[in-house]
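Participant: Here's a structure for you.
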Amino acid sequence: MNLSVELAGVILKHPIYNASGPLCTTPQDLEGLANSQSSAVLTKSCTILPREGNPTPRYADFEGGSINSMGLPNLGVDTYLKILPSIKVPGKPVFVSSSGMSFEDQVEIVTRLSMSAELQAIELNLSCPNLVGKPQIGYDFDQSQKLIHAASKVCKHPLGVKLPPYFDFSHFQSMADILNEADIQYITCINSPGNGLVIDAETETTLIRPKNGFGGIGGPIIKPFGLSNVCKFRELLDPGIQIVGVGGIETGMDVFEYILAGADAVQVGTAYMQQGPEIFERLVRELTQVMTRKGYASLSQFRGKLKVA
Ligand code: DHB
């Protein structure tokens, strides 16, 4: 069984790695990923300066998914650059997510990351939903175009763009037009749909504290939108732009569905948060079992081959 994929020119042993967000902030988190069966290590989105993030409680599970409003707690780009050599494992690429607090910060972070040979790709995050007073850039097409253009000009590594979910075909088309003109290698979709609200009816309280309880939603409840975004972008993007699918993956069958919808690789967020680094071994085993049962020997035999009923 051949599960390997080439993503942005980087070889992955199999298509499953962690989403930026849960358990990828501290050196311990990153070592856990380096020693796991995740096919790559992706860091928490970094800013120029370290951040504590939002007040707690800021993450909670609920039936069907998770809600978070972390507020970008991270160690700052320069600390990640220092840590990277210590999480290097042969055959396992390291990707860094960048999420500056301003246009200028984003370009500066990509510039600093570009000077390091210790990372293999940069994921430019256009879609953090949890910063008070800051709209998600991915919903502002003009700003997105300018930022992707500026970042790609300074970027010396393969560049991916992390997108928010879109829900309207005209928005998919607007973003695809921008991406097809940009110098990027892949997109990652979807980030958590922003500003959900989950309530504990017994205590009549929100599950999380920041932003009066509003937060990004993850887990199985968002999978239909992750799949639709992967599928629609695969239809609209030039074949040279690859797609990493994320949203609600809990089983090997979920991974299979994402690849069927057109994903080149996938990331796991909420389920990794809940189950820890052991989850990657199970997902690889389950994906292998699904492919064996269906008679597929490689991912390319079914990638993007979704049939319409
Ligand atoms: C955070 C959440 C996100 O969905 C994201 O893309 C970046 C940061 C956060 O709240 O930390």
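The values are calculated or read from the model by the stated rules, or taken from the named source; none is laboratory data. These figures come from a predicted structure and were not determined experimentally. As a convention, Cβ positions derive from the backbone with ideal geometry for all residues, glycine included, and neighbour counts pool all protein chains shown. Each accessible area value is taken on the protein alone, full model and side chains, heavy atoms only, with ligands, DNA and RNA left out. Shrake-Rupley method; radii C 1.70, N 1.55, O 1.52, S 1.80 Å.
Participant: Go through the range 1-85 and name the GluC sites (Glu not before Pro) that are in a DSSP coil and have 13 or fewer other Cβ atoms within 10 Å of their Cβ. Please list the in-between numbers first.
Facilitator: On the way: sites: GLU6, GLU31, GLU52, GLU63; in loops: GLU52, GLU63.
Within the range 1-85, the qualifying GluC sites (Glu not before Pro) (loop, at most 13 other Cβ atoms within 10 Å) are GLU52, GLU63.
Participant: What's the ranking of 177-185, 119-127 by average number of surrounding C-beta atoms within 10 Å, highest first? It would help to have the intermediate numbers written out before the result.
Facilitator: Details: 177-185: 17.0, 119-127: 24.6.
The most tightly packed comes first, giving 119-127, 177-185.
Participant: Okay, next question. Please work out the average accessible area per residue across the chain, using the 1.4 Å probe convention, and give it in Å². Can you show the working numbers first?
Facilitator: Values: 12990 Å² over 309 residues.
Solvent-accessible surface per residue comes out at 42 Å².
Participant: Kirkwood Rh over alpha-carbon pairs of the range 193-309, then Stokes-Einstein at 4 °C and 1.567 mPa s: what D in µm² s⁻¹, rounded to an integer? Each step should come with its number before you reach the end.
Facilitator: On the way: Rh = 15.7 Å.
Estimated diffusion coefficient is 82 µm²/s.
Participant: Using a simple charge model, +1 on the beta-carbon of Lys and Arg, -1 on the beta-carbon of Asp and Glu, nothing else, what dipole does the range 1-119 show about its Cα centre, in debye to the nearest 20?
Facilitator: Values: 8 positive and 11 negative charges, 52 e Å.
Taking the Cα centre of the range 1-119 as origin, the dipole is about 260 debye.
Participant: If you wrap a convex hull around the C-alpha atoms of the range 1-112 and split its volume per residue, what is the figure in Å³?
Facilitator: Working: hull volume 14.8 nm³, N = 112.
Value for the range 1-112: 132 Å³ per residue.
Participant: For LYS134 and GLU31 in one chain, what is 0.36 nm times their gap in residues minus the Cα-Cα distance, to one decimal in nm? Please list the in-between numbers first.
Facilitator: On the way: separation 103, 0.36 × 103 = 37.08 nm, distance 3.17 nm.
That pair, LYS134 and GLU31, stretches by 33.9 nm at full extension.
Participant: Run down the aspartates and glutamates and flag those whose C-alpha is under 15 Å from the C-alpha of LYS92, throwing out any fewer than 8 positions away in its chain.
Facilitator: By straight Cα distance, LYS92 reaches GLU6, GLU31, GLU118, GLU281.
Participant: May I ask you to rank THR47, THR26 by accessible area, largest first, using a 1.4 Å probe over the protein chains only?
Facilitator: Details: THR47 0, THR26 45 Å².
So, going from the largest accessible area down, we get THR26, THR47.
Participant: Here is a follow-up. In deg cm²/dmol and to the nearest 500, what is the mean residue ellipticity at 222 nm of the chain if only DSSP H runs of at least 4 residues count, each as -39500 (n - 2.57), divided by the residue total? Write down the numbers at each step before the final one.
Facilitator: On the way: 9 runs with 99 residues, N = 309.
Value at 222 nm, helices only, nearest 500: -9500 deg cm²/dmol.
Participant: So if I place +1 on the C-beta of Lys and Arg and -1 on the C-beta of Asp and Glu, and nothing else carries charge, what would the dipole magnitude of the chain be about its Cα centre? I want it in debye, nearest 20. Walk me through the numbers on the way to the answer.
Facilitator: On the way: 25 positive and 30 negative charges, 122 e Å.
Using Cβ point charges on Lys, Arg, Asp and Glu, the chain gives about 580 debye.
Participant: May I ask you to evaluate 6.51 cos²θ - 1.76 cosθ + 1.60, the Karplus curve with θ = phi - 60°, for each residue of the range 25-35 and list the ³J(HN,Hα) values in order in whole Hz, giving x for glycine and proline?
Facilitator: 9, 8, x, 5, 4, 5, 5, x, 5, 4, 8
Participant: So the label point goes 7 Å from the Cα of ARG293 along Cα→C-beta, right? Which residues of the range 238-281 then have their backbone N under 17 Å from it?
Facilitator: 250-260
Participant: If you don't mind, another one. Gain in length, PHE141 to GLU278, computed as 0.36 nm per residue apart minus the alpha-carbon separation, to one decimal in nm? Display every interim value, and only then the final one.
Facilitator: Details: separation 137, 0.36 × 137 = 49.32 nm, distance 3.83 nm.
Between PHE141 and GLU278, full extension yields an extra 45.5 nm.
Participant: Taking the alpha-carbon distance from LYS307 and a cut-off under 17 Å, which lysines remain once sequence neighbours fewer than 8 residues away in the same chain are dropped?
Facilitator: The reachable lysines, counting only those whose Cα sits under 17 Å from LYS307, are LYS232, LYS294.
Participant: So, one more: Starting from 0.36 nm per residue, how many nanometres of slack lie between GLU181 and SER86 once their C-alpha separation is accounted for?
Facilitator: Working: separation 95, 0.36 × 95 = 34.20 nm, distance 3.66 nm.
Separation in residues times 0.36 nm, less the Cα-Cα distance, equals 30.5 nm.
Participant: Going by average Cβ neighbours within 10 Å, how do the peptides 71-79, 100-108 rank, with the highest at the top?
Facilitator: Details: 71-79: 18.4, 100-108: 16.6.
Those peptides, ordered most packed to least, come out 71-79, 100-108.
Participant: Let's test the formula: R0 of 41 Å, r as the Cβ-Cβ distance of LYS305 and GLU118. What FRET efficiency results, to the nearest 0.05? Can you show the working numbers first?
Facilitator: Numbers: r = 37 Å, r/R0 = 0.90.
With a Förster radius of 41 Å, E is 0.65.
Participant: If you place +1 on the Cβ of every Lys and Arg and -1 on the Cβ of every Asp and Glu, how big does the dipole about the Cα centre of the range 74-162 come out, in debye to the nearest 20?
Facilitator: Values: 9 positive and 8 negative charges, 60 e Å.
Once rounded to the nearest 20, the dipole reads 280 debye.
Participant: Same structure again: Any chance you could list P(r) for the chain, counting all Cα-Cα pairs in 20 angstrom bins from zero, rounded to whole %?
Facilitator: Cα pair-distance distribution for the chain, in percent: 36, 60, 4.
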